[in-house]
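The values are calculated or read from the model by the stated rules, or taken from the named source; none is laboratory data. Keep in mind the model is a prediction, meaning the values are calculated, not measured. Positions of Cβ are generated from backbone atoms using ideal geometry, with glycine treated the same way; all protein chains shown enter the neighbour counts. Quick note on the areas: whole protein, heavy atoms, side chains included, nothing else; ligands and nucleic acids left out. Shrake-Rupley method; radii C 1.70, N 1.55, O 1.52, S 1.80 Å.
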Amino acid sequence: MTRIVCIANQKGGVGKTTTAVNLAAGLARRGKRVLLVDLDIQGSATATLVAPSPGREALSMAACLVRDVGLDDIVVPTSTPGLFVAPAGEELATVDLHLASVMGRERALERVLRGSTLDRWDVVLVDTAPYLGLLTINALVSAEKVLVPVSCEYLPMLGLKLFEDTLGKIRRTLGAPCEVLGYLLTMVDRRERVTDEVESMVRGAFGERVFPGIIRVNTRHKASPSHRQTIFEYEGPRGKGREDYETLTREVERRLGLGGARAKSRPVTAEALPASAHA
Ligand SMILES: Nc1ncnc2c1ncn2[C@@H]1O[C@H](COP(=O)(O)OP(=O)(O)O)[C@@H](O)[C@H]1O
Ligand SMILES: [Mg+2]
C-alpha cells in the first residue's frame, strides 16, 4: 500500500521544503520508491531536484489540477535513484482560484492521485506552500499523515495552535484522517536560548508526537539547493545534515511501519516509466 505523507505548516521558512527533499531522498536511498509531489507555488523542491526545461510547464502539478493531465505523465526522475518528482509549475499560483469553483474542490489532488498508477510508489511526500489555502487543504485531505516542521528560531505555539485547529476542522468537516506523523524540530542551534525554550515548549505540548531526532542549523542546507543537490549529494559522508536526515528517515520508516532498508521494493528505474516521463 502506498503511504501518502504531507509536509505542512502555514509558517514559511521552517524547513518544509528542505525536509521534503531530504526525507524523500533518504527514503529512496534506503530502497523505497518515492514520489515527491511539489504543491508549493514557489516550486523550490522542483528547482532543487530537476533542471528547468522548456515545455515543462505543460507537464506540472498545475496541469494535473487544472487541465486533468495525468499524474503519470508529468513524473520526472531525479539524480537520486528511486526518487521521482511531480513538478510544481508556475501556473500553480492560479490553481487556488481555479479550484474555488470546482465541485469537490478539497479533493482535487486526491482524484489526481487515485487516477494515477499509485502503487508504483511506496511513499508519496507532498510539499506544501506556507499558507492554508485550497491547495494546502487539498494536500492535507489527500494525506494519511502530516509531518510538521517547527523552526526553533522563534516561538511557534500560536501558529501551531492555528494549524492544529485547521487539522481538526478538516477531520470534522471533510472526514480526512490528517493524523500527525510527527512534529520535527528544525534549525536547532544550541547556542541560542530560544532553541531550548522552543524545544521544551513543543515537547511539553506534544510529547511523543515530537520526533526524538532534531535537524540542526547547518549552512549546507542553504547551499545545497543552488547546486541542485540533496544533502546526501552535497555533504561528505560524515556531514551533520545528512546524519540528521538519516535519523529522521529511519524514524519515519518506523512510524509508518515501512520496514528497514531491505524492503522488498526495488527502486523504480527511469526506464520503467512511461515515455512521457522522460520529456
Ligand atoms: N537546518 C537548517 N539549517 C540552516 N538553514 C536551513 C535549514 N533548513 C532549511 N534551511 C534554509 O532555510 C530556508 C527556509 O527553508 P525551507 O525548507 O525552504 O522552508 P519552508 O519550505 O518551510 O519555507 C531555506 O533557505 C533553507 O535552505
Ligand atoms: Mg517551501
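When you scan region 69-76, do you find a residue that is touching a residue at least 12 places away in the same chain (Cβ under 8 Å), under 22 Å from residue 226 (Cβ atoms) and not in a loop (DSSP other than H, G, I, E, B), even just one?
Looking through region 69-76, at least one residue is touching a residue at least 12 places away in the same chain (Cβ under 8 Å), under 22 Å from residue 226 (Cβ atoms) and not in a loop (DSSP other than H, G, I, E, B).
Restricting attention to region 219-241, and to residues there that are in contact (Cβ under 8 Å) with a residue 60 or more places away in the chain and part of a helix (DSSP H, G or I), which single residue is nearest to residue 51 (Cα to Cα)?
Per the criteria, the residue is 225.
Have a look at 3, 30, 56 and point out the one that is open to solvent by 10 Å² or more (accessible area, probe 1.4 Å), under 21 Å from residue 144 (Cα atoms), among the charged types (D, E, K, R) and more than 16 Å from ligand 1 (Cβ to nearest atom).
The conditions single out 3.
Which one of these is within 24 Å of residue 242 (Cα to Cα) and either open to solvent by less than 60 Å² (accessible area, probe 1.4 Å) or hydrophobic (A, V, I, L, M, F, W, C) (or both): 170, 214?
214
I'd like the full set of residues that are modelled with pLDDT under 95 and among the aliphatic types (A, V, I, L, M), limited to region 1-49.
Result: 1, 41.
Pairs please, first residue from region 5-21 and within 17 Å of residue 122 (Cβ to Cβ), second anywhere and charged (D, E, K, R), Cβ atoms under 6 Å, 6+ apart in sequence or on different chains.
5/145; 7/16; 7/127; 20/127
Could we say that residue 128 is under 19 Å from residue 175 (Cα atoms), among the polar types (S, T, N, Q) and within 16 Å of ligand 1 (Cβ to nearest atom) here?
Judged against the criteria, residue 128 is not a match.
Pull out all pairs, ordered by first then second residue, where Cβ-Cβ is under 8 Å, the residues are six or more apart or on different chains, the first lies in region 184-203 and is of a type in the set (Asp, Glu), and the second is at pLDDT 95 or above and in a helix (DSSP H, G or I).
Close Cβ pairs (under 8 Å, with a partner that is at pLDDT 95 or above and in a helix (DSSP H, G or I)) amount to 189/195.
Can you list the helices (runs of 4 or more DSSP H) lying wholly within region 81-148 that have 2 or more residues being among the basic types (Lys, Arg) and open to solvent by 10 Å² or more (accessible area, probe 1.4 Å)?
108-114
Report every pair of residues separated by at least 6 positions or lying on different chains whose Cβ atoms are under 8 Å apart, first residue within region 100-113 and over 22 Å from residue 124 (Cβ atoms), second among the aliphatic types (A, V, I, L, M).
From residues that are over 22 Å from residue 124 (Cβ atoms), the pairs are 100/134.
Could you please let me know if residue 9 is within 16 Å of ligand 2 (Cβ to nearest atom), surrounded by 20 or more Cβ atoms within 10 Å (Cβ to Cβ) and part of a loop (DSSP other than H, G, I, E, B)?
yes
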